[in-house]
Amino acid sequence: MNEITSETEQMKKNNDDWEPKILAFLCNWCSYAGADLAGVSRIQYPPNIRVVRVPCSGRINPYFIVKALLDGWDGVLVSGCHPGDCHYLTGNLVARRRFGILKDLLEFFGIEPDRVNFMWASAAEGERFAVLIRKTTKLVRKLGPNKKFEKKW
C-alpha cells in the first residue's frame, strides 16, 4: 500500500510541474496581428503556444488538428477574424461550421472537448488575445498530458 501511495504522490508532483504544449493556428489578418499587438504592448500570457500563421481560419484542414493531437500536442487552438469580419468574406464562417462538426467527432472518439479550442480575436484585441490564451492554457492544463494516442509497445 505504501508503494502505491508514493507512486500516486510522485505522479501528482510531476503533474504540478507539467506545462501543456499547445499548437495555435492563427489567421494572418486578425488573430496573428492580435498576438503581435499583445507582444508589442508587453501583455503577459503563457508561453505554452507555438504559432502557425495561416492566411485564413477557413483554410485549416481538420486533418491538421487531428495530426497535431496524434503527434503529441496537448491542445490545439484555432483563431480567426470575428464572424462576419473575414478578409476573405466567408472563411471564418466556413471554419466555424467545419470545426463544430470536428469537435463533435473528436468527442465521439473519446478526446476531451477542451483539447481543441476555437476563438475569434481581431487585430486590435491584444488584451483579449492574451486572456484567451490564458483560458486555453488553463483548460488544457486541467486535462493533463495528451495520452490518448501514446504508443504502447
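Looking only at segment 23-73, filter to residues that are in a loop (DSSP other than H, G, I, E, B) and in contact with a Cys (Cβ under 8 Å, 6 or more places away or on another chain); which one of those is farthest from PRO145 (Cα to Cα)? By that ranking, first place goes to TRP29.
Taken as a whole, the structure leaves ASP71 outside the set of residues that are modelled with pLDDT of 90 or more and either surrounded by 13 or more Cβ atoms within 10 Å (Cβ to Cβ) or in contact with a Pro (Cβ under 8 Å, 6 or more places away or on another chain) (or both). The residues of segment 32-55 that are touching a Gly at 6+ places or on another chain (Cβ under 6 Å) and either at pLDDT below 95 or over 22 Å from GLY91 (Cα atoms) (or both), listed by number, are LEU37, ALA38, SER41, ILE43.
Whenever a residue of segment 104-123 is closer than 25 Å to ASN28 by Cα, its partners that are among the charged types (D, E, K, R) and crowded, with 21+ Cβ neighbours inside 10 Å, lying with C-beta atoms within less than 9 angstrom and at least six residues away or across chains, give the pairs ARG115/ASP74. In segment 13-68, of all residues being of a type in the set (Phe, Trp, Tyr) and free of Cβ contacts under 8 Å to residues at least 24 places away in the same chain, the one that is surrounded by the fewest Cβ atoms within 10 Å (Cβ to Cβ) corresponds to TYR63. For SER79, the conditions (1) small (Gly, Ala, Ser); (2) in a loop (DSSP other than H, G, I, E, B); (3) touching a strand residue (DSSP E or B) at 6+ places or on another chain (Cβ under 7 Å) are fulfilled apart from (2).
Going by what's in this entry, would ASN146 be described as crowded, with 18+ Cβ neighbours inside 10 Å and part of a strand (DSSP E or B)? So ASN146 fails the test.
The values are calculated or read from the model by the stated rules, or taken from the named source; none is laboratory data. Fair warning: this is a prediction, and the values are worked out from it, not measured in the lab. Neighbour counts are summed over all protein chains in view; Cβ atoms, including those assigned to glycine, are modelled from backbone coordinates with ideal geometry.
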